[in-house]
Amino acid sequence: MLIQLTYASRTAQILGPGDVKDILRSSQRNNAAAGVTGALCLTNGIFLQQLEGDREAVNKLYHRIEKDPRHNDTQILDFSEVASRRFGTWSMGLVAATAENRQLFLKYSSKADFDPYSMSSATLRAFFDEVMHNVRWLS
Ligand SMILES: Cc1cc2nc3c(=O)[nH]c(=O)nc-3n(C[C@H](O)[C@H](O)[C@H](O)COP(=O)(O)O)c2cc1C
């Protein structure tokens, strides 16, 4: 069964400049092996990640990620069955923190700062649809 899990978290103090690169490197290696795809955004000290794949594989991965000391306050925002993958070719894409992307984050935020914790499931889905089609990626 194909599912999509979306969660937010806050970066821990210990997060250094090389950490995001390290996270991406492990993600791309492990996710490809586990058949998980997805996207990771980082803005204003908040991670927002969408993981998609087999229900068991995504559950296992989320529980591993949740224990990572590089972030805290992890909250699952949406967990749904989906008919198809959104990020089928991305084992893990990083959404670049460019000015254009910031505009996109704000378009879906009810507050002045990007606040995924307050976003509804429908808004999160609309946000990730637009991310997939319009965003600038870092690889
Ligand atoms: C915000 C965030 C997102 C992460 N996303 C993933 C991911 O999608 N896949 C993954 O394998 N590890 C991810 N990690 C890293 C894991 O917590 C863990 O460090 C890693 O999977 C360990 O695997 P390794 O020993 O092969 O590096 C993430 C960590 C953080 C802080």
Check your understanding: Would a scan of segment 81-103 turn up a residue that is near the ligand (Cβ under 9 Å from one of its atoms), open to solvent by 30 Å² or more (accessible area, probe 1.4 Å) and assigned to a strand (DSSP E or B)?
Key -> no
Exercise for review: Give 42, 15, 61 a once-over and let me know the one that is touching a strand residue (DSSP E or B) at 6+ places or on another chain (Cβ under 7 Å), surrounded by 12 or more Cβ atoms within 10 Å (Cβ to Cβ) and hydrophobic (A, V, I, L, M, F, W, C).
Suggested key: 61
Revision key, fill the gap. With the first residue restricted to segment 65-80 and required to be touching a residue at least 60 places away in the same chain (Cβ under 8 Å), and the second required to be exposed (fewer than 12 other Cβ atoms within 10 Å of the Cβ), Cβ contacts under 8 Å at 6 or more apart or on different chains are none
Exercise for review: Return yes or no: is residue 111 in a helix (DSSP H, G or I) and open to solvent by 50 Å² or more (accessible area, probe 1.4 Å)?
Suggested key: no
Review point. Do we find a residue being over 15 Å from residue 50 (Cβ atoms) and either of a type in the set (Val, Ile, Thr) or touching a helix residue (DSSP H, G or I) at 6+ places or on another chain (Cβ under 9 Å) (or both) anywhere in segment 126-133?
Key: no
**Study point:** Scan of segment 20-58 for residues that are within 24 Å of residue 127 (Cβ to Cβ), within 10 Å of the ligand (Cβ to nearest atom) and assigned to a helix (DSSP H, G or I), ordered by number
**Key:** 20, 23, 24, 27, 28, 31, 58
Review point. Residue 2 fails exactly one of the following numbered conditions: (1) open to solvent by 60 Å² or more (accessible area, probe 1.4 Å); (2) over 14 Å from the mean Cα position of the chain (by Cα); (3) among the aliphatic types (A, V, I, L, M). What is the number of that condition?
Key: (1)
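The values are calculated or read from the model by the stated rules, or taken from the named source; none is laboratory data. Worth saying up front: this structure is predicted, and the values here are computed from it rather than measured. Neighbour counts are summed over all protein chains in view; Cβ atoms, including those assigned to glycine, are modelled from backbone coordinates with ideal geometry. SASA here: full protein model, heavy atoms, side chains in, ligands and nucleic acids out. Shrake-Rupley method; radii C 1.70, N 1.55, O 1.52, S 1.80 Å.
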